[in-house]
Amino acid sequence: MQFPTAAYAVFFLAAFTVNWLLRPHHLVWRATMIAFSLYFCGWIDVRFVIVAVGMAVANGVLASAAHRARHDGRERAGSRLVALAVAVDVVVLGVFAYHDFFLDSVTGALSGIGLSPGEPALDLVVPVGLSFLTLYAIGYVVDVGRGDVEPVGIADLLLYLTFFPHLIAGPVVRVDELVPQFHERPDPRRVPATDAFALIAVGLVKAVVVASWLGREVVDPAFADPGAASGPALAFAACAFAVQVYAGFSGLADIAVGSALLLGIEYPRAFDAPYRSLSLREFWVRWNTTVSSWMRDYVYVTLGGNRRGRALLYRNLLVTMAIGGLWYGAGWTFLAWGVLHGVFLVAERVAAARAERRADRGAAGLPWWLAGGLRWALTFGLVCGAWVVYRADSLAAAGEVLGRIVTAASGSSAVVTTPAILVVVGALACQLVSDHHTVAVRARFSALRPVAQAALLAAGLTLIGALGPDTPAPFAYLPF
Amino acid sequence: MAPTPPTDTGTHRRTEPIPEGWPGNDPTLRDEVAALRGRRRRSPAPPEAHAGDEADLDRPGGGEDRHDHDDDVADPSAGRGRPDRRHEDAHGDQERLRHEDDGGDDGGDRDDAYDDLVAGAQPAGRVLVVMVVALLLAMLVNADALVERAENRPPGAQRDRALAIWHPVQDVSHVLQLHRLRDLAEWAAGGDGEAPPAPAPGRGSRARAAADSEPAPPGEAAPGGDRDDAPADGELRTPTADEPLRVVVAGDFMVQALGEALVGGSEERGLLDTLVHYESASGLTRSDYYDWPEALARDVDEHDAEVLVVMFGANDGQGITLADRTPVPTVDDPRWLPEYRRRVASLMDQLRAPGRAVVWVTQPPMRNPSFAAAVRTINEAFIEEAADRPWVTVVEPGDLIGAEGGVYAENVPAAGGGDPVVVRQPDGIHLTPAGGDLLATRVLAVIGEAAGVDVAD
């Protein structure tokens with residue numbers, strides 16, 4: 001079940017109604033929400049229900065055992081149990097999501113030395129949402145192991161892992177942020193409907209209209225035949241993909257946050273205008289913030305962070321970003337994308353340290369506006385260059401696109417059209433729009449009568465439908 | 001086993017106010033919001049100074065000085081303790097507005113009222129009503145698109161269920177004329193929606209691409225001789241630019257690409273006067289949804305058709321109802337094929353007339369295996385029924401819009417070499433314009449052969 005479908009709308013109406021009717025009766029409410037969430041899982045893939053329940057039970061049992069061991073002073077045993085739980089989660093994710101990647105890689109390597117392996121025995125389908133569920137599970141068990149949170153009951157854990165709004169596109173919420181909200185009783189007389197509708201509408205525009213249109217009109221044609229396109233056209237396509245991938249990811253996350261808000265559950269913001277960034281570090285603060293902070297807390301910190309010297313810091317950054325790249329997708333291009341960002345972050349740290357030393361010596365810098373402009377252009381350029389690697393079908397194809405961007409002055413520029421330029425520039429300009437720009441609009445909407453609100457929402461849905469693609473599969477670029 | 005208490009259980013958290021001069025700090029906004037609250041702003045408040053604003057502006061995202069510890073990947077404040085609430089920025093602004101608005105001495109009630117106003121806080125029941133009404137309206141307005149999307153699904157229970165839901169919605173939409181709003185939206189969006197002034201008959205499209213001359217009125221003697229000398233069934237007169245052959249191209253949504261290509265591929269010679277009529281989600285199994293025999297009779301009558309180019313079957317891989325009203329749920333049922341063949345035969349006979357040829361185009365191979373099997377059964381019904389009817393010529397596009405042996409293919413080799421031609425859309429069902437062109441070329445050749453003159457450009 002995808003968000004922008006009539007099926008999800010009907011499903012959500014039922015969930016909304018039941019949610020507010022049963023909220024006063026916590027146990028019944030929780031059981032019903034689990035049922036709704038598992039139904040949602042099953043709609044994605046029936047096998048996903050089994051995987052989700054299995055992961056909840058395994059992580060719940062192991063986390064409780066680790067907590068007891070820690071409580072009894074058996075720190076090492078607790079750590080081993082946590083490691084076991086993490087291993088189980090990683091293996092489950094690996095079996096489903098990275099099975100093909102491993103097999104293809106092994107097959108390719110064996111073929112390279114003259115061996116011819118047979119056909120793979122397994123034919124697995126990756127359940128959409130498993131990547132997020134794994135992050136939730138590992139985060140929970142590590143938090144318990146570290147003593148940051150107390151273990152929660154198995155029902156709470158199951159609901160925490162599978163709560164349907166965050167299952168497809170996040171955001172990633174920690175157990176101590178979400179489970180307490182399951183036990184609260186939000187006021188049913190004050191559902192923040194305008195905020196939620198605004199999030200969902202903006203999310204639909206981004207995911208259904210902008211991402212799909214740019215993919216169809218600019219990115220796919222350019223990347224399908226990069227040899228025919230000129231360098232500037234490919235550079236423009238890379239910018240367009242930057243907008244497309246942001247619009248797709250953040251649009252789905254907005255819909256998730258809006259849906260949860262209507263149910264009385266608050267999620268943190270997942271994206272914060274990443275293309276405003278003046279440095280790669282800032283980009284990773286603003287890009288998919290909840291996933292990035294998860295990587296920081298559970299990978300980077302676990303590896304040692306910046307506490308063991310500069311060389312290990314750089315290694316930890318590279319490893320964290322490589323794992324992050326693999327989380328975004330099972331393939332060499334995704335791994336390369338992550339490593340590339342790791343290299344960028346290391347290089348940026350080195351450059352920043354040099355600039356600081358130069359400044360200490362009293363060397364004159366550039367005017368702030370020029371320095372800011374250059375930093376933005378460099379950051380955006382590097383991010384777009386990395387997106388080329390992310391989007392390309394193979395590393396060779398990525399190399400071809402990047403090579404032509406630099407060298408090919410001639411070629412087709414068919415994808416560089418006025419509407420496409422307007423969409424890309426407009427989408428980037430929207431990064432400067434903040435919530436407080438829309439206070440008056442939201443207040444006016446809130447003051448309308450319900451029928452007028454409904455009519456406006458229906459008009460918005462119609463326009464989004466008219467502008468969107470004919471087929472409901474706009475998120476093919478989401479690798480997980 | 002109790003969960004760790006949350007760091008913040010409030011609905012919304014406040015942060016520092018937005019800096020002076022930053023977008024959103026619009027003085028007129030205070031008046032607008034005050035007016036919405038039904039109160040006047042009491043007195044203009046002096047702008048506040050905010051230490052550190054410049055630094056914040058200089059370094060969006062809070063600056064890098066905060067990244068001293070384990071924070072290279074993301075802001076340490078992000079993702080913990082219900083952080084960075086969606087509306088924090090707005091609430092920073094709201095807080096100051098409230099302060100200015102109320103002289104800074106108002107209680108929590110007004111704060112809550114303000115929060116509720118901007119966030120649109122409403123009772124859950126009212127929100128439910130808004131959502132239900134909005135979705136019902138949207139469903140009615142977008143019914144055509146929903147049906148089209150449903151019919152693009154691979155055949156199966158889900159597709160049948162979706163069509164069973166959306167067809168009645170579409171009927172209501174057409175009765176209320178709400179589907180025209182979607183047409184308007186598509187037209188406004190620059191899509192292929194029909195311009196609002198143009199009436200859209202039925203669920204599909206019916207467009208006439210006339211040659212230079214108007215067709216002879218119905219009932220008038222067919223050009224090229226009087227009725228006594230009219231050719232036999234299936235034989236065509238030789239058209240001229242002054243007296244073009246009157247052609248009706250009709251059928252399900254597959255006819256769209258074929259019809260457009262057929263018109264485009266014959267307009268220069270002007271020997272055909274073509275009416276294209278396709279209806280989405282239609283076919284010969286669901287006369288309750290769209291009655292093609294009746295519609296074709298009307299088309300033939302209105303256009304005085306001499307050539308019928310028909311294409312059915314893409315929507316027919318579903319249940320059918322026998323003459324005694326017994327429902328037959330699947331194509332595999334042994335009762336399905338005889339009933340379908342009966343309908344095909346009946347329509348072929350209905351279209352028979354002296355001096356008129358029927359060109360029956362079968363469906364191209366489909367990508368989905370089960371759908372492809374159903375389409376093969378349907379195509380065989382067409383071929384077998386046409387075998388005994390000399391006025392019907394069957395055009396099989398399997399080898400043209402597919403790989404060798406009539407197997408589905410997305411691309412086919414270009415006629416003159418070069419890059420392969422993409423003939424199918426990503427759904428594995430619809431034809432691309434290039435696929436329509438290929439098919440139209442063959443149909444035009446068949447018409448030209450029957451008429452004794454090349455009608456294609």
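The values are calculated or read from the model by the stated rules, or taken from the named source; none is laboratory data. Because the structure is predicted, anything quoted here is derived from the model rather than measured. Here the Cβ is made from the backbone with ideal geometry for all residues, glycine too, and neighbour counts use every protein chain on show.
Overview of results
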{"read-out": "Complete set of residues in region A:407-417 that are surrounded by fewer than 14 Cβ atoms within 10 Å (Cβ to Cβ), farther than 18 Å from A:Gln244 by Cβ and of a type in the set (Ser, Thr, Tyr)", "value": "A:Thr407, A:Ser410"}
{"read-out": "Within region B:168-180, tally of residues that are more than 14 Å from the chain's Cα centre (by Cα) and either of a type in the set (Asp, Glu) or assigned to a helix (DSSP H, G or I) (or both)", "value": "8"}
{"read-out": "Boolean, A:Gly153 is surrounded by fewer than 22 Cβ atoms within 10 Å (Cβ to Cβ), within 11 Å of chain B (Cβ to nearest Cβ) and on the phi < 0 side of the Ramachandran plot", "value": "yes"}
{"read-out": "Unique match (being aromatic (Phe, Trp, Tyr) and more than 9 Å from chain B (Cβ to nearest Cβ)) among A:Trp287, A:Trp327", "value": "A:Trp327"}
{"read-out": "Residue match in region A:248-271 (condition: under 21 Å from A:Val441 (Cβ atoms), touching a Lys or Arg at 6+ places or on another chain (Cβ under 6 Å) and not in a helix (DSSP H, G or I))", "value": "yes"}
{"read-out": "Qualifying residues in region A:293-324 (those that are among the hydroxyl-bearing types (Ser, Thr, Tyr) and within 21 Å of the chain's Cα centre (by Cα)) - the one nearest to the other protein chains (Cβ to nearest Cβ)", "value": "A:Ser293"}
{"read-out": "Hits in region A:29-52 (condition: buried (at least 20 other Cβ atoms within 10 Å of the Cβ) and basic (Lys, Arg))", "value": "none"}
{"read-out": "Residue that is surrounded by 22 or more Cβ atoms within 10 Å (Cβ to Cβ) and not small (Gly, Ala, Ser), where the choices are B:Pro433, B:Pro369, B:Pro354, B:Pro364", "value": "B:Pro364"}
{"read-out": "Test for B:Ser266: is it within 26 Å of B:Gly452 (Cα to Cα) and either surrounded by 24 or more Cβ atoms within 10 Å (Cβ to Cβ) or out of contact with any helix residue (DSSP H, G or I) (no Cβ under 6 Å at 6 or more places or on another chain) (or both)", "value": "yes"}
{"read-out": "Answer from A:Ala440, A:Ala455, A:Ala371, A:Ala466 - the residue that is free of Cβ contacts under 8 Å to residues at least 40 places away in the same chain, surrounded by 18 or more Cβ atoms within 10 Å (Cβ to Cβ) and either in contact with a His (Cβ under 9 Å, 6 or more places away or on another chain) or over 29 Å from B:Asp427 (Cα atoms) (or both)", "value": "A:Ala440"}
{"read-out": "Residue within region A:201-217 that is surrounded by fewer than 24 Cβ atoms within 10 Å (Cβ to Cβ), in contact with a strand residue (DSSP E or B) (Cβ under 7 Å, 6 or more places away or on another chain) and in a helix (DSSP H, G or I) present", "value": "no"}
{"read-out": "From A:Gly248, A:Gly258, residue being facing another protein chain (nearest Cβ under 10 Å) and surrounded by 22 or more Cβ atoms within 10 Å (Cβ to Cβ)", "value": "A:Gly258"}
{"read-out": "Qualifying residue in region B:324-337 (condition: closer than 30 Å to B:Arg237 by Cα and either modelled with pLDDT of 85 or more or surrounded by fewer than 19 Cβ atoms within 10 Å (Cβ to Cβ) (or both))", "value": "no"}
{"read-out": "Every pair of residues 6+ apart whose Cβ atoms lie under 7 Å, when the first sits in region A:343-355 and is touching a residue at least 12 places away in the same chain (Cβ under 8 Å) while the second is hydroxyl-bearing (Ser, Thr, Tyr) and surrounded by 19 or more Cβ atoms within 10 Å (Cβ to Cβ)", "value": "A:Val346/A:Tyr314; A:Glu348/A:Ser279"}
{"read-out": "Unique residue being under 30 Å from A:Ile200 (Cβ atoms) and out of contact with any Cys (no Cβ under 9 Å at 6 or more places or on another chain) when the list is A:Val46, A:Val92, A:Val88", "value": "A:Val46"}
{"read-out": "Matching residues in region A:174-192 - criterion: being closer than 26 Å to A:Leu21 by Cα, within 8 Å of chain B (Cβ to nearest Cβ) and outside any helix (DSSP H, G or I)", "value": "A:Glu184, A:Pro186, A:Pro188, A:Arg189, A:Arg190, A:Val191, A:Pro192"}
{"read-out": "Test result for A:Asp195, at the interface with another protein chain (Cβ under 10 Å from one of its Cβ atoms) and either under 30 Å from B:Leu135 (Cβ atoms) or at pLDDT below 85 (or both)", "value": "yes"}
{"read-out": "Of all residues making up region A:276-288, the number that are among the hydroxyl-bearing types (Ser, Thr, Tyr) and either modelled with pLDDT under 85 or touching a Phe, Trp or Tyr at 6+ places or on another chain (Cβ under 7 Å) (or both)", "value": "1"}
{"read-out": "Among residues of region A:384-414, those that are modelled with pLDDT under 80 and at negative phi, counted", "value": "6"}
{"read-out": "For A:Ala14: the one exception among (1) closer than 29 Å to A:Glu150 by Cβ; (2) free of Cβ contacts under 8 Å to residues at least 24 places away in the same chain; (3) of a type outside the set (Ser, Thr, Tyr)", "value": "(1)"}
{"read-out": "Tally of residues being more than 15 Å from A:Leu21 (Cβ to Cβ) and either touching a residue at least 40 places away in the same chain (Cβ under 8 Å) or more than 7 Å from chain A (Cβ to nearest Cβ) (or both) across region B:119-136", "value": "2"}
{"read-out": "Number of the exception - B:Pro338 against (1) touching a residue at least 12 places away in the same chain (Cβ under 8 Å); (2) under 14 Å from B:Glu385 (Cα atoms); (3) not in a strand (DSSP E or B)", "value": "(1)"}
{"read-out": "In region A:156-173, the residues that are at the interface with chain B (Cβ under 10 Å from one of its Cβ atoms) and β-branched (Val, Ile, Thr)", "value": "A:Val172, A:Val173"}
{"read-out": "Residue identified as at negative phi and in contact with a Cys (Cβ under 9 Å, 6 or more places away or on another chain) among A:Ala233, A:Ala238", "value": "A:Ala238"}
{"read-out": "Among the residues listed as B:Glu380, B:Glu404, B:Glu410, B:Glu385, the single one being crowded, with 22+ Cβ neighbours inside 10 Å, among the acidic types (Asp, Glu) and more than 13 Å from B:Leu308 (Cβ to Cβ)", "value": "B:Glu385"}
{"read-out": "Residues within region A:290-321 that are of a type outside the set (Ser, Thr, Tyr) and closer than 25 Å to A:Pro268 by Cα, tallied", "value": "10"}
{"read-out": "Residues located in region A:401-431, provided they are of a type in the set (A, V, I, L, M) and out of contact with any Pro (no Cβ under 9 Å at 6 or more places or on another chain)", "value": "A:Leu402, A:Val406, A:Ala420, A:Ile421, A:Leu422, A:Val423, A:Val424, A:Val425, A:Ala427, A:Leu428, A:Ala429"}
{"read-out": "Selection within region B:285-297 - surrounded by fewer than 23 Cβ atoms within 10 Å (Cβ to Cβ) and of a type outside the set (Phe, Trp, Tyr)", "value": "B:Arg286, B:Ser287, B:Asp288, B:Asp291, B:Pro293, B:Glu294, B:Ala295, B:Leu296, B:Ala297"}
